[in-house]
Amino acid sequence: MRKWIVAGNWKMHNTIAESIALAKAIKEGASDFKGGAIVLAPPFTTLFNVGEVIKGSNVFLAAQNMFYEDKGAFTGEISPGMLKDTGCSYAIIGHSERRKYFHEQDHDVNLKVRKALIAGLTPIMCVGETDEERVKGITQDVVGRQVKQGLSGVEEIDKVVIAYEPVWAIGTGKVATSAQAQEVHAFIRGILKDIYGNKADDVRILYGGSVTKDNVAELIAMEDIDGALVGGASLKADGFLGIIKEICVKK
Ligand code: PEP
């Protein structure tokens, strides 16, 4: 039985005061949602503050990115140990915006996933095809490569969360249909089965891409969709809590 996860990626939004207010509203509104995990990924500058707000609750803290070294001359980077120090238990890795704007490759994603596991952080590894790749009919080639290379050398698959986020659906309002999403989720689980056997049945695969409280019910009804990674709709407590409520009821 896989437990649902709903993660909110706040991206480069919210000051300290705004983050504290949003985290408080989510924590209060989510106190009755049981059986899964609620995860908030604020910007680095407010991780500690949000961590203080949600301490001891059913809401967990995530980083939006991390580096794969412990310390050293890596200006501007943040280590897994530093993230744990702020209260993080999850790290989003390989988000499409990291891949697009900061040129992260599958190899970097793999180093980060492996390092997160060593450090005791749960990686949420993001994969997904662009619009152009879908139109070309190479969605499975792209996603298959990202999954296999991202997980190369990873043994503790039970500690990894995967997020399928079609790039064309992120921040566009163009959500994948439940059938489109399920098809790719089942494909990913099939790859995991080939590599890890029955352990694949326990891996949580989240859908991300323009999820809102109004479209999540159909997505979450799909067999291989175990939760959501939410961008825009996680920036308002009402919208985010509405998504969690739907998932909590259905899964
Ligand atoms: C995301 O950034 O991971 C995301 C899914 O964004 P949005 O929900 O805004 O499409």
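The values are calculated or read from the model by the stated rules, or taken from the named source; none is laboratory data. Since the structure is predicted, the reported quantities are computational estimates derived from the model, not experimental observations. With ideal geometry, Cβ positions are generated from the backbone for all residues, glycine too; neighbour counts draw on all protein chains shown. The protein model used for the area step is the full one, side chains on, heavy atoms only, and it has no ligands, DNA or RNA in it. Shrake-Rupley method; radii C 1.70, N 1.55, O 1.52, S 1.80 Å.
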Has the range 63-82 got any residue that is closer than 15 Å to LEU235 by Cα, touching a residue at least 12 places away in the same chain (Cβ under 8 Å) and either touching a Ser or Thr at 6+ places or on another chain (Cβ under 7 Å) or not hydroxyl-bearing (Ser, Thr, Tyr) (or both)? yes
Can you name every one of the helices (runs of 4 or more DSSP H) wholly within the range 1-88 that holds 1 or more residues which are hydrophobic (A, V, I, L, M, F, W, C) and within 16 Å of the ligand (Cβ to nearest atom)? 16-29
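Residues checked against (1) more than 13 Å from the ligand (Cβ to nearest atom); (2) crowded, with 17+ Cβ neighbours inside 10 Å:
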| site | (1), (2) |
| --- | --- |
| ASP131 | yes, no |
| ILE138 | yes, no |
| GLY150 | yes, yes |
| TYR164 | no, yes |
| VAL167 | no, yes |
| ILE170 | no, yes |
| ILE188 | yes, yes |
Output for the range 192-220, where each listed residue is touching a residue at least 12 places away in the same chain (Cβ under 8 Å), touching a helix residue (DSSP H, G or I) at 6+ places or on another chain (Cβ under 6 Å) and open to solvent by 20 Å² or more (accessible area, probe 1.4 Å): TYR196, LYS199, ASP202, SER210, THR212, LYS213, ALA217, GLU218
Among the numbered conditions (1) over 19 Å from ASP226 (Cα atoms); (2) open to solvent by less than 60 Å² (accessible area, probe 1.4 Å); (3) under 18 Å from the mean Cα position of the chain (by Cα), tell me where MET12 comes up short. (2)
Members of the range 223-241 that are away from the ligand (no atom under 11 Å from the Cβ) and either surrounded by 17 or more Cβ atoms within 10 Å (Cβ to Cβ) or in a strand (DSSP E or B) (or both): ASP224, ILE225, ASP226, GLY227, ALA237, LEU241
